[in-house]
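As structure tokens, the structure follows; a few thoughts come after it.
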Amino acid sequence: MRRAPLLWIVVCSVAALLTVPTLFLIPMSLTGGSTFQFPPPSWSLRWYRNLVEDRGWRDAVMVSLQVAVLSTPMAVAIGTGAAFGLMRLGARLRLIGAGALSAPLVIPNILIALAIYGMFLQMGLSGTILGLVLGQTALAVPFVLIAVLARLQGYDRNLTAAALSLGATPATVFRTVTFPLVLPGIVAGGVFAFVASFDELVIALLLQSPRTVTLPVQMFNAVVEAADPTISAASTVLVVVVSAVILVAQIGWTRRSEKRSGSGA
Amino acid sequence: MNARAGRLEIRELVKHYGGDGPAAVAGIDLTIDPGEFITLLGPSGSGKTTTLNMIAGFVPPTSGSILLGGTDLTGLQPHKRGFGMVFQNYALFPHMSVFDNVAYPLRQRGKSKAEIRKLVLDIVERFGLAGLERRRPAQLSGGQQQRVALARALVFSPPVLLLDEPLGALDRKLRAQLQLELKKLHQEVGLTFVFVTHDQDEAMYLSDRIAVFDEGRIDGMGRPAELYDDPGTLFVANFLGEANTFAGRFADPRTYAWNDEKWRTGEGDHPAEAVLVVRPERTRVFAPGEVPPGWNSVGAIVTDVSRLGPTSRIDLAFPDGRAGAAVLPSTDAVQVRVGDDVRAAWDLPSQAFVTP
Amino acid sequence: MTTTAVLDVGRAAPVRAAGRTTGSRTATALLLAPAVIASLALFVYPLARIVVVSVTEPTIGLHNYAELFTDGYTLRVLTRTLLVALGVAVLDLLMAFPYAYAMTVCSPRVRAVLFTIVLIPFWTSALAKNFAWMILFQRGGLVDEFLKATLGIDYPLLGTTPAVLIAMSQVLLPFAVLPLYASLEQIDRRLVDAAQGLGATRGRAFRQVYLPLAAPGLVAAGALAFILSLGFYITPALLGSPQQTLIAQLIMARVEQVLDFAGADAIGIFLLIVTVAMALLSRWVSRRATARKEAAR
């Protein structure tokens, strides 16, 4: 690799492209002006204050949280159950089932949004929190399903057999062996589902009503309609919060495995 | 570890997985005495693992029954059988420490904390694992993992220990060492061991008795040396070590004819349809005309001579074109050259007749 | 990443002693029921419904589809969408290939860093990423000023198709890098060394040995970027121009502004057909490449 400096120039450029543009959000959010002028003419925290104090932004955060908090557990329960169910089928049926249940991932979101919107309009669910929760759940289930299924496929069924041979009832085997070993997949799927739901725009855009404006919709409207720099503060908060969640999860995980591997050594 | 003595009986056990395929296990009868080390030996797909899984309760038999000390276990769920089991990859719980792995069966049995602690620490000590109690399986060597698996399967004093190719994944040296440990362990605890393997050397070394499996049936059964010397069937003869085989016919009850050769058959009964089998290490090589009187012999051409140290291996081609071998003390093999026209010979006690 | 994960699901190692599964069919059905119901109610039924709407409203027939190809405008939008998707796929492959390749040859520590760098935009809010590009591309923004100062080009990128192309490539890059890395990691690099040992130059060994082995992964990664670009809404809506819309914007505009559901549904179904066709095509190409790879061994 040291023999190919060109390769590493390219790699560093790509790495920069992946990370640097987003960083401009931070100075932008600290602007004292009321446009997206860059570099900012002066510095202030006014847009962060606005994010907290302005009714529209505050409500949007609450709606997004509400939707994500309701849809994530549903997606986790449905997706985890399905993954366990699929593992009990033969290899062929499992492949077909997993493909069918995770199809929403490959189908353009805009189409799913369009389809759900049309149906919800008819049922009177458009513009309701319930409608949003159902829509986000539908999109989030495949994330959970895939994460848990991946974990389950790495699960050695001999462990179940071993626990049974040692006298554990099937329920105990699940509680003490299978579930703890699959848990990382469930957590990963849940985090994924939460972030996906919190960041979802297209369905929320179509289903919006004055009472159900999610944060992404509020941000989108702020850019398109109002050119309101609060969006840069909101974006920064989103990036920081999501990165923090991921980082904490990752560090927590590493710590735990280090503690495991460190003990008794 | 006290063995609750009881004879393990397997009666007419059949497993059919459905479909048009042949039965995975096509009628097995086996009686295993308390304290016996029995090996189910066979190639993959011969039904040995399925049989073990039926004994453990993981696979319900299609028909037949399994009894321990006269009690029918056939319909009993695996966690109620109380057998110890060691798996090929050990199946240690990766998220638990060595202590928790070994304590697992005791916790299922509702033992008190103090009792669990005592039993676990005792057995951990006995298996040379003291000081490793808090490690995770991934931090142990292959040999240590095997010992944890054994400790976990024995800590609750099961009447029978089932072992599913527990040495299959190890390198040769570690394997030899663990075989020795396993043999010593069996002598110490005096439990019934039911051991599954496809390695005939391992089976010969460890077992009191071997059951050779082929296509869902037991093809041969006996003490290792008996089975080796008198394999009974051609399959067993070939599977347990190497054999020079001659498929001829009886010219009369005392004469066996193969190719142009006529051989004496010795005393005793033979099956009407039989193949003559001689082990390479009981085959000697002589120049034509020097065969000792009373020995049977066959013409052969030496195709290769390899010195393996104290013994040498002479590869032979018989008149029908088939290959064979003789394994001699190296001192007897010095004059043998590739291309030599020789007589491969054996005395009567060295030959056996088997069914094809 | 997600699609490759889906495709891998069937290749689980066969379980020893297949008969060891315990438990009943009822339990299996109960575990699967919620997902199946959710999928039917929130996915299958709504999709079927818009298929029906697209051919029954306002009158029964295929006129909504006929319109797609006759009004000229829709066809232009579709062509532009396909071209942008192709551009994104090519740009992403050009960036993802060296990046993923580097990940296979570097030390584990560097690999962890490169992994994290790919995953950062993966987790970052899509709106935030696009908004950041808006700030950079706007008139008087950093990119604009830079182009003016260095190349003398006065071309504010915001509101142009190149802006959409660049931003979309960045947003979708993780989806190209991750499956490509998974595929390149499987390649036995000793084959390249062997080719060099047999007298091929470095470049030749790479072209004749490594590239053919990497082909299935490249096809899969490119196809994924392409497919995901087709239905993209946020980027063209924020960075593109209303005069140069892409198909997702067209759908949204039909629904939100003209309330022409049947028309939007027809475009949506057409988009679905193109997506599925592309997915099948890429699978076929990738399989053929794999088959050739196997035959070459």
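Rule-based calculations on the coordinates, nothing more; no lab input. The structure presented is a predicted model; accordingly, all values stated were derived computationally and were not measured. Here Cβ is always computed from backbone atoms with ideal geometry, including for glycine, and neighbour counts include all displayed protein chains.
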Report task. For every helix of n ≥ 4 consecutive DSSP H residues, a contribution of -39,500 (n - 2.57) applies; sum these over chain C, divide by its total residues, and give [θ] at 222 nm rounded to the nearest 500 deg cm²/dmol. Result -> -24500 deg cm²/dmol
Query raised in the report: When N counts the residues of the range B:16-119, how does its alpha-carbon radius of gyration compare numerically with 2.2 N^0.38 Å, as a ratio?
Result: 1.31
Requested in this report: Could you check how many percent of all C-alpha pairs in the range A:18-67 are farther apart than 18 Å?
Outcome: 45 percent
Report task. Would you list the P(r) distribution for the range C:229-283, with all Cα-Cα distances sorted into 5 Å bins from 0 and each bin expressed as a whole %? Result -> 4, 20, 24, 22, 17, 8, 3, 0
Report task. Let me have the relative contact order for the range A:1-151, percent, based on Cα pairs under 8 Å that are six or more residues apart. Result -> 23 percent
Query raised in the report: Applying the Karplus parametrisation 6.51 cos²θ - 1.76 cosθ + 1.60 with θ = phi - 60° to the phi angles of the range B:232-240, what ³J(HN,Hα) value in whole Hz is obtained for each residue in order, glycine and proline being reported as x?
Result: x, 10, 4, 4, 5, 4, 6, 6, 8
**Report entry** Helix-only [θ]222 nm of chain A, DSSP H runs n ≥ 4, -39500 (n - 2.57) each, per residue, nearest 500
**Finding:** -24000 deg cm²/dmol
Report summary line: Of the listed links B:K15/B:K111; B:K15/B:K80; B:K15/B:K173; B:K48/B:K173, those spanning more than 28 angstrom between alpha carbons are B:K15/B:K111; B:K15/B:K173
Query raised in the report: Over its Cα atoms, what ratio of radius of gyration to 2.2 N^0.38 Å does the range C:136-227 give?
Result: 1.60
Report task. Express in nm, to one decimal, how much length is gained between C:A66 and C:Q243 on full extension, taking 0.36 nm for each residue of separation and deducting their alpha carbon distance. Result -> 61.4 nm
**Report entry** Highest to lowest packing among A:229-235, B:349-355, scored as the average C-beta count within 10 Å
**Finding:** A:229-235, B:349-355
Report summary line: tail above 34 Å in the computed P(r) of chain A, as % of all Cα-Cα pairs, reads 36 percent
Query raised in the report: In nm, to one decimal, how far is the modelled label at C:A277 from the one at A:L121, with both set 7 Å along Cα→Cβ?
Result: 2.7 nm
Query raised in the report: Convex hull over the Cα atoms of the protein assembly as shown, averaged projected area in nm²?
Result: 50.3 nm²
Query raised in the report: In deg cm²/dmol, rounded to 500, what helix-only [θ] at 222 nm does chain B give when every DSSP H run of at least 4 residues adds -39500 (n - 2.57) and the total is split over its residues?
Result: -7000 deg cm²/dmol
Report summary line: For the range A:110-207, one quarter of the surface area of the C-alpha convex hull, expressed in nm², comes to 7.6 nm²
Requested in this report: Would you mind getting the Kirkwood hydrodynamic radius of chain B from its Cα pairs, rounded to one decimal in Å?
Outcome: 22.9 Å
Query - Mean separation of Cα contacts under 8 Å (6+ apart) over length of the range C:62-296, as relative contact order % - result: 27 percent
**Report entry** Set of aspartates and glutamates near C:K129 by C-alpha distance (under 19 Å), chain-local residues within fewer than 8 positions excluded
**Finding:** A:D199, A:E200, A:E225, A:D228, C:D92, C:D144
**Report entry** Where Rh is the Kirkwood radius over Cα pairs, Rg/Rh for the range A:15-143
**Finding:** 1.13
Requested in this report: Can you tell me the relative contact order of the range B:245-354? Whole percent, Cα pairs under 8 Å, sequence separation 6 or more.
Outcome: 32 percent
Query raised in the report: If you line up the long axis of helix B:113-126 against the longest principal axis of chain B, both from Cα atoms, how many degrees apart are they, to the nearest 10?
Result: 30 degrees
**Report entry** 5 Å-binned pair-distance histogram of the range B:261-356 (Cα, whole percent)
**Finding:** 3, 14, 23, 25, 18, 11, 5, 2, 0
Query raised in the report: How many partner chain Cβ atoms sit within 10 Å of a residue's Cβ in peptide A:72-85, on average, as a whole number?
Result: 4
**Report entry** Fully extended contour minus Cα-Cα distance, from B:Y205 to B:V14, at 0.36 nm per residue
**Finding:** 65.9 nm
Report task. For the range B:256-265, take each phi angle, set θ = phi - 60°, evaluate the Karplus expression 6.51 cos²θ - 1.76 cosθ + 1.60, and give the result in whole Hz per residue in order, putting x for glycine and proline. Result -> 10, 10, 9, 6, 9, 8, 10, 10, 6, 9
Report summary line: Highest mean packing first, using Cβ neighbours within 10 angstrom, the peptides B:284-291, B:157-164, C:236-243 sort as B:157-164, C:236-243, B:284-291
Query raised in the report: What order, most packed first, do the peptides C:52-62, B:26-36 have when packing is the mean number of other Cβ atoms within 10 Å of each residue?
Result: B:26-36, C:52-62
Report summary line: In Å³ per residue, the alpha-carbon convex hull of chain C encloses 216 Å³
**Report entry** 10 Å Cβ neighbours from other chains, averaged over peptide A:116-123
**Finding:** 5
Requested in this report: Please list the equivalent ellipsoid semi-axes of the range A:86-147, computed as the square roots of five times the alpha-carbon gyration tensor eigenvalues, in descending order and whole angstrom.
Outcome: 27, 12, 10
Query - Residue mean of other protein chain beta carbons inside 10 Å, B:147-155 - result: 1
